[in-house]
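Take a look at the structure below.
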Amino acid sequence: MLVVDFGAQYAQLIARRVREARVYSEIVPHSMPVAEMLAKNPAAIILSGGPSSVYEPGAPSLDPTLFDNDVPVFGICYGFQAMAKALGGEVAHTGSREYGRTLLTAQGGTLLRELPEGLPVWMSHGDSVAVAPAGFAVTASSPGAPVAAFEDLTAKRAGVQFHPEVAHTEQGQRMLERFLYDIAGLAPTWTPGNIIDDQVAEIRRQVGDKQVICGLSGGVDSAVAAALVHKAIGDQLTCVFVDHGLLRAGEAEQVEKDYVAATGIRLKVVDAADVFLGHLAGVTDPEQKRKIIGREFIRTFEAAARELDAERHIEFLVQGTLYPDVVESGGGTGTANIKSHHNVGGLPDDLQFALIEPLRTLFKDEVRALGNELGLPEEMVQRHPFPGPGLAIRIIGAVDPDRLEILRAADLIAREELTASGLDRDVWQFPVVLLADVRSVGVQGDGRTYGHPVVLRPVSSEDAMTADWSRLPYDVIAKISTRITNEVREVNRVVLDVTSKPPGTIEWE
Ligand code: XMP
């Protein structure tokens, strides 16, 4: 099904919730012509939230020809108002606003069937639908929205003024499911097993009897992408793991041993630590570090591919690109370059390979579900994301082997204690950052110390686009701090980063 993005933050969330209901969803921009949307043959369409009113200057318009066919449509918030207007209802230009938690008075119908009276929902709107279009039954109201939900079961169309996709709307997921299953008549068939079957068939069709290469980073995405391709074409796949010397303790071994044991994939390991560290010597600028790593990664990888090519001619490259990467690249809508992520924009224009991106349509949690289904080791599937440039962007200052050792030791302690506290799953990611050019005075034993601080940066997030600092229990933080200052000689101070994203990013560089 399609989610038409009217420009607010909600479209990704809606797409995720629809997928949680086991229905495949894709996001399309509202500027896409209706004919193009329909050419995708959607089983249903959801119109997302957007500006707070259809009367807002510059508010995107909805092409009413969308309703000239019988595709089921669900309008949410802005999409609800736009739908009401397009179908001949009335949107009152009230100027009054309703933001945040509101109690809904449901009046039966299919969408809100059997839901409790006085249901808390999340609203964010200026104007309201005053009169529902002909054929629609009004099924709910709220203090600020006389028409807060409507439905036309014959035409398979419905809409709500509130946001069912956000966690603050209790029962929101049930409402979305009611639309998908009961109004649009869809079935929950989009399961990890089915996704794997579809992808395996597609990869086989794309690759035929050609040879394929895949760069493994040690992260979840490339591990799952490779396992999926391996399932499809077996021995035609060779993986290359570039050890750039910027990995955390135990990571290279995990890829070399556990992963190969679990999958039986042919793996070529390239130890390129000296090359990377040589190029990074003395470099302190974050973007320069990133560019050097991106460039050297591609060079090392290409050299490995050329070597392999002598034995087998390689035509395809597997990439673990995820759906948020695709959405955020936005087909050239020109978002600001905050950081040069190494695998987007890092590929040369004259790339020798055709790409295979089997995770292109998936979110991170879906990739993990696929990893489980494919039988990958749990520790690998549940690993927190780790950036391609590795510890280089967690050392603030120049990178060298000694500093890397200090950070590895501190990072390992933080990871061990988080795991011991049973909180791994509550935290999206837990960077530990070494402020290598900062020193502070401390006292240990009877002596003065003059050591480096490390920063703990545990964050919670759904997709890394936004994040909040994790409220880890103080005793866990205390244990980590004590162990780091006791066990890592060069570190005499541990600080906690309590910045959300925005304004901070997750990584410090
Ligand atoms: P930021 O720091 O931008 O990070 O909030 C968002 C997420 O992306 C990860 N990250 C990267 N991942 N290559 C990657 O593969 C990169 O260059 C890169 N930079 C940041 C970061 O760890 C977080 O999960």
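Listing for the model above:
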{"read-out": "When the convex hull of its Cα atoms is projected in every direction, mean area for the chain (nm²)", "value": "26.1"}
{"read-out": "Sorted largest first, extent of the stretch 128-249 alpha carbons per principal axis (Å)", "value": "61, 37, 19"}
{"read-out": "Helix runs (DSSP H) in the chain reaching 30 Å along axis by Cα, Kyte-Doolittle at least 1.6", "value": "none"}
{"read-out": "Within-13-Å neighbourhood charge of M37 [Cβ basis; K, R +1; D, E -1]", "value": "-4"}
{"read-out": "Rg and Dmax [Cα atoms of the stretch 399-509; Å; Rg one decimal, Dmax integer]", "value": "14.1, 46"}
{"read-out": "Cα convex hull of the stretch 125-175, projected area averaged across orientations, nm²", "value": "3.9"}
{"read-out": "Within the chain, percent of DSSP bridges classed antiparallel, to nearest 5", "value": "45"}
{"read-out": "Residue exposure sequence - F353, F241, F67 - by fewest surrounding Cβ within 10 Å", "value": "F353, F67, F241"}
{"read-out": "Stokes-Einstein diffusion coefficient of the stretch 181-265, Kirkwood radius over Cα pairs, 37 °C, 0.692 mPa s, in µm²/s", "value": "224"}
{"read-out": "Sequence ranges 13-26, 115-128, ranked by mean other-Cβ count within 10 angstrom, highest first", "value": "13-26, 115-128"}
{"read-out": "Along each principal axis, Cα extent of the stretch 1-140, largest first, Å", "value": "40, 36, 30"}
{"read-out": "Percent antiparallel among DSSP beta bridges (both partners in the stretch 370-494, rounded to 5)", "value": "70"}
{"read-out": "Exposure proxy ranking, count of Cβ atoms within 10 Å, fewest first, for K257, K479", "value": "K257, K479"}
{"read-out": "Prolate/oblate/rounded label for the stretch 213-336 (Cα gyration tensor, a/c 1.5)", "value": "oblate"}
{"read-out": "Residue exposure sequence - I76, I45, I265 - by fewest surrounding Cβ within 10 Å", "value": "I265, I45, I76"}
{"read-out": "Overall form of the stretch 17-83 per C-alpha gyration tensor (a/c, 1.5; a/b vs b/c)", "value": "oblate"}
{"read-out": "Hydrodynamic radius (Kirkwood) for the stretch 66-193, which is based on Cα pairs only, to one decimal in Å", "value": "14.6"}
{"read-out": "Proximal charge balance of S460 [Cβ under 10 Å; K/R count +1, D/E count -1]", "value": "-2"}
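Quick note: the coordinates plus some simple rules give every number you see, no bench work behind them. Remember, it's a predicted structure, so these values are computed and weren't measured experimentally. Note: ideal-geometry Cβ built from the backbone for every residue, glycine included; neighbour counts use all protein chains shown.
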